[in-house]
Protein chains: 2
Amino acid sequence: MLEDKNQPRTPLAQLCEFGLIARISEGFPLKNGSSKLGIGDDAAVLQQSEENTLITKELLIEGVHFDLSFMPLKHLGYKTVVVGISDLCAMNVKPEQILISIAVSNRFTLEAIDEFYSGVQLACARFGVDLVGGDTSSSVTGLIIAVTAVAQAKESEVVLRSTAKETDLLVVTGDIGAAYMGLQVLEREKQVFLANPNNQPDLTPYTYLIERQLKPEARTDIKTLLEQLEVKPTAMIDVSDGLVSEVLHLCRAADLGCRVYEEKLPLDPQLISCCEEFNIDSTTVALNGGEDYELLFTISLSDFDKIKGNPNLTLIGHMVSAASGKELITRAGTSVALTARGFTAS
Amino acid sequence: MLEDKNQPRTPLAQLCEFGLIARISEGFPLKNGSSKLGIGDDAAVLQQSEENTLITKELLIEGVHFDLSFMPLKHLGYKTVVVGISDLCAMNVKPEQILISIAVSNRFTLEAIDEFYSGVQLACARFGVDLVGGDTSSSVTGLIIAVTAVAQAKESEVVLRSTAKETDLLVVTGDIGAAYMGLQVLEREKQVFLANPNNQPDLTPYTYLIERQLKPEARTDIKTLLEQLEVKPTAMIDVSDGLVSEVLHLCRAADLGCRVYEEKLPLDPQLISCCEEFNIDSTTVALNGGEDYELLFTISLSDFDKIKGNPNLTLIGHMVSAASGKELITRAGTSVALTARGFTAS
């Protein structure tokens, strides 16, 4: 919120679209063997042999998915890549290429676009992804970002949403809810800043939460980890809309029910203290928060010993028959129905 | 502009995103062999063997790329597919899959979304393309559409922008400029309608122009035509931003110059009479119009006899060395430099 306003600002109108695209593509040399032709022609060309291509697509819109008053453009570029490739991680494949189209209104300068793409660059390097295409156009009001991510994989490696079995265990990576609380902190500080622009907030107690909101990480490491543990998930999805929403997706896709245990939910200590400060129930946040970009998956009961005690993986429940319902078992031992908006007393 | 306002209107809030996506995917059974997994999981899965995958990406924004006051949503759905796959036609490959993400504000109803996807469906059937993915989200103001199109092709079939040779001939498909004049007619009628909503315009003299604007066609037929003629283009691009812009792209990508002949430009008779009525120079329109979605390509001089006289193909000029410049030869025989905004006296 406090930034140097005396930086060079070049109106985008000074560059033609071709100049802007050439400028962007310079920063993205192709690294993956399957990236054959990148930015600059009508289409990107990817090469495979006897593998499947996986493609995902997301749309990010200013005012809906992000707020530029506290989201630095570099972080937004990074997050765009993460959001794009997270769906591929959720298929148990390694993301290899990404295409990003942006539409900007004339309030954006060349430096702003550079800032955005510097974040894209950082994430591409971090996650081993090539930017191979996209375009730039103008928008009426804010910034609009469309991202397509691509991977190649053998059919046997791909993990779908719909293939969980009745006795499978439910496992989540990392911790959940922090990105949501990070957003609450940022929204509060925005209000404070609007009331008094000279106020210098102390965000130290919230650094982890804010980082989870502004600079989430895609779990590209989980595929490798599971290979090392010799575990193949039976079904998988990423936690973008909130844990309950994703659990219900897995249940619905396989026509199953589930039990999720409140006491098992992996919460960061910062999340717990921040929830106390905001007087919000941390379980509600963990179940419904969203934007964690962690992975939720099911494994066979017989694989339990392989994942037990791994600091990256938390067993939060198990699948049951559809007739047994979808329930949260609270710390008090009572059952409440899991619904799309969290949980309601059953 | 005159429509029955008494149709059922279902607010989108009545459906969850899952319901909306399920509703959309029902209308799109997969037809191409390479479409392995469509809408419903985190990613679409496409299968190839020893072929390259080609991917393109476009963003369409209300108020920038389309005006819903005269663009029916069904036509917009159709045009979305055309815009998406046209770039693949320009690589000389057959489009096979498409992913569409849309963001809508709450002024859109379920019926409006159905209308949009009925156009998508029509175009998918017409051009033999499978809808395999995408998502829906909300927007702050208008309608935003992101489209990704995918094709598989042998490397030897793909035609790039950058591979034109110095003596190659410049060929364009169909006719050009009509989509632009269609837009001018629609913009004029919108103003008339706003001034007097009871006015019933006679659009008969402009039917072809309006159809070119509202329901353009992708030239998926050209690949087959060129195979039958045994001609492989040396370079190719689609005419989306206007002929001159595309000619300059081909020149720049191959470091060449060109000669384009004004008298050779393929103009529809309706375009000529409409330009007279609007008092606009038809050559300017043909050179800069845009949104024609025709193909512009270069062929070897030795292939001239194969394309000569074909009603789908018009020879409009030829490539020259970069040092010889990029020029339009007017009907009067004078040379003017081609620039991104059309042509200026050299």
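The values are calculated or read from the model by the stated rules, or taken from the named source; none is laboratory data. Worth saying up front: this structure is predicted, and the values here are computed from it rather than measured. When we count neighbours, we look across all protein chains shown, and the Cβ atoms used for this are built from the backbone with ideal geometry, even at glycine.
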Item to check | Answer from A:SER162, A:SER118, A:SER137 - the residue that is within 30 Å of A:SER321 (Cβ to Cβ) and not assigned by TED's automatic domain parsing to the domain that holds A:VAL260 | outcome: A:SER162
Checklist outcome for this item: Note: among B:THR344, B:THR314, just one is part of a strand (DSSP E or B) and either within 27 Å of B:ASN92 (Cα to Cα) or modelled with pLDDT of 95 or more (or both), namely B:THR314
Item to check | Selection from region B:93-120 of residues that are surrounded by fewer than 24 Cβ atoms within 10 Å (Cβ to Cβ) and closer than 26 Å to B:VAL158 by Cα | outcome: B:LYS94
Checklist entry - When you scan region A:133-175 for strands (runs of 3 or more DSSP E) that lie fully inside it, which ones turn up with 1 or more residues that are over 22 Å from A:ASP221 (Cβ atoms) and in contact (Cβ under 8 Å) with a residue 24 or more places away in the chain? => result A:136-138, A:144-153
Checklist entry - Can you name every residue in region B:111-162 that is modelled with pLDDT under 90, within 14 Å of chain A (Cβ to nearest Cβ) and within 30 Å of A:PHE66 (Cα to Cα)? => result B:LEU131, B:VAL132, B:GLY133, B:GLY134, B:ASP135, B:THR136, B:SER137, B:SER138, B:SER139, B:VAL140, B:THR141, B:GLY142
Checklist entry - Tally time: how many residues in region B:38-66 are in a strand (DSSP E or B) and either more than 7 Å from chain A (Cβ to nearest Cβ) or surrounded by 20 or more Cβ atoms within 10 Å (Cβ to Cβ) (or both)? => result 17
Checklist entry - Restricting the search to region A:85-110, which residues are away from every other protein chain (no Cβ under 11 Å) and in a helix (DSSP H, G or I)? => result A:LEU110
Checklist entry - Being within 14 Å of chain A (Cβ to nearest Cβ) and more than 25 Å from A:PHE66 (Cβ to Cβ), is that true of even one residue in region B:67-74? => result yes
